[in-house]
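Notes follow once the structure below has been shown.
The values are calculated or read from the model by the stated rules, or taken from the named source; none is laboratory data. All of these numbers come straight from a predicted model, not from anything done at the bench. Cβ: placed from backbone, ideal geometry, glycine included. Neighbour counts: every protein chain shown.
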Amino acid sequence: MAYSSGLITKPVSSDTAGGDIQQALGISGVGDLGTLCTHANINIFSKYKPNAVTGYDQPSDAVLATNRYGLAAIATNSRNALATLALGWTYHGAQSPYFRQLDFDRYYNGAVCPFMQANGTQLLVDLVSGNARSAAFYMLMRSGALANKPFVQGGGIGSSGTAVPSTRLDYCITVEDLGFDSGGGSYHSILGAYLGLVIFSGTTYRGEVWASTAVAQLGARDNNMFLVPVDGIDIAPGTYTAVACAKKTESGLTYYLPVYDDASYPARFALVVGGVDYYKQDRVGLATTTTGSTVTRMTTTASDIYVKMRLYNNTGSSVTLNVRDGRFILSTRITGTVVDYSGTHSIDRTQTSSLVYPTSDVIVADGGYTDFVFQITNIWSNSAGTSPTLIESGSLDIAPTLQFYRGGTATDFPLHGPARLLTAIYG
């Protein structure tokens, strides 16, 4: 059949400008066999391809399987080594003088990467929403409920469609062909391992999270095998390095196998814990009730007023904000003067307020916003807990700042634009 739809089958030709090998590699012109067998366009995830097995005869399928189809994944039994370990997998390709044309028999140029992370170059653990997206992994599987399912960015293994045409799956390296090599000659299948992240600050180990279901050829779909919750990570806000890998313990040793180090989905990527910088705040205005219309300049005799703040979501996805656990607070500096029966008094104080509206969780679309309302008590007094008496006049600048509160620390949200000046006039 030769070359058809990405697949080469016997007889294999390479002696013409449009030879089977040239077509499969996407190159033109006649190349010598050594050049073709070592060409950079060879898809290393094809099972059948030029390989380092010695001899001039075409290697048997058993020999190719023993040599793991010429693809060596990186493995280590040192967890700390993951911080600096060279993560590139090794393709053991053809070596002179054993350039065999028949190594291209059943070569498939459409084979896909069988083991990678699906998060991209960064994953956000959004402490603001408390709903961090799970770390996602992709595996091309040969058998079971997840066999030949496609890659989904951010989601891992798709639920419909195929990664490659079903008639081409047998020509692709799948996750069942990968494993852990201890370096002492023993080999351990990735089946039975757990997928997860090992987290570092520089080269210092900070923690790890793992899937709840081991890698297996499942009879029914189980997303817990390739989706790893990260919202339980108990580390301080900051930017860390996560290494996406499989972990397996056998014979008293624990082995780690990092995913393929793809440029767009690297094995070592940024894990951002915090999320405050992915939101922005704006001052909307002042009101006399929780749901009243707001103004930037208010005339009132009320002791208690309300401040409406706007929070914008720039996380890249829709979020659900829990507003009942005290994570959103308002710090307001109040400055100005008040005239009462005893004379003129300067006001300069900062008051912390809890959220009064809304009272239930809110969903904020990516690029959208939600409004929060806070109460400021006794604005005409230098103490939030003291009611002023016999006020004659006054003018106050109200400068509120929306903050995220966690673990005893309050952090300001960045500004959406120039901060509005809010003013309260007694009258």
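Summary of values
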item	result
Verdict on residue 259 being at pLDDT below 95 and crowded, with 17+ Cβ neighbours inside 10 Å	no
Residue in segment 14-34 that is outside any helix (DSSP H, G or I), of a type outside the set (D, E, K, R) and in contact with a Phe, Trp or Tyr (Cβ under 7 Å, 6 or more places away or on another chain) present	no
Unmet criterion (only one of (1) within 17 Å of residue 247 (Cα to Cα); (2) part of a loop (DSSP other than H, G, I, E, B); (3) out of contact with any helix residue (DSSP H, G or I) (no Cβ under 8 Å at 6 or more places or on another chain)) for residue 213	(3)
Answer from 365, 410, 419 - the residue that is touching a strand residue (DSSP E or B) at 6+ places or on another chain (Cβ under 9 Å) and modelled with pLDDT of 95 or more	365
Residue list for segment 377-418, filter: within 26 Å of residue 323 (Cα to Cα), touching a residue at least 24 places away in the same chain (Cβ under 8 Å) and over 32 Å from the mean Cα position of the chain (by Cα)	377, 378, 379, 384, 398, 399, 400
Residue in segment 243-258 that is on the phi < 0 side of the Ramachandran plot, in contact (Cβ under 8 Å) with a residue 12 or more places away in the chain and in a loop (DSSP other than H, G, I, E, B) present	no
Qualifying residue in segment 154-163 (condition: on the phi < 0 side of the Ramachandran plot, surrounded by fewer than 16 Cβ atoms within 10 Å (Cβ to Cβ) and touching a residue at least 12 places away in the same chain (Cβ under 8 Å))	yes
Test: residue 76 is in contact with a Leu (Cβ under 8 Å, 6 or more places away or on another chain), without any contact (Cβ under 8 Å) to a residue 40 or more places away in the chain and surrounded by fewer than 21 Cβ atoms within 10 Å (Cβ to Cβ)	no
Test: residue in segment 338-357 that is in the same structural domain as residue 302 (by TED's automatic domain parsing), among the polar types (S, T, N, Q), outside any strand (DSSP E or B) and surrounded by 12 or more Cβ atoms within 10 Å (Cβ to Cβ)	no
Residue list for segment 79-101, restricted to those being surrounded by fewer than 16 Cβ atoms within 10 Å (Cβ to Cβ) and assigned to a helix (DSSP H, G or I)	80, 81
Condition broken by residue 220, with the remaining ones in (1) more than 16 Å from residue 190 (Cα to Cα); (2) surrounded by 18 or more Cβ atoms within 10 Å (Cβ to Cβ); (3) among the hydrophobic types (A, V, I, L, M, F, W, C) satisfied	(2)
Candidates 363, 391, 398, 347 - the one that is within 15 Å of residue 306 (Cα to Cα) and of a type in the set (A, V, I, L, M)	398
Residues of segment 185-210 satisfying the condition of being surrounded by fewer than 17 Cβ atoms within 10 Å (Cβ to Cβ), at negative phi and either assigned to a loop (DSSP other than H, G, I, E, B) or β-branched (Val, Ile, Thr) (or both)	186, 191, 203, 204
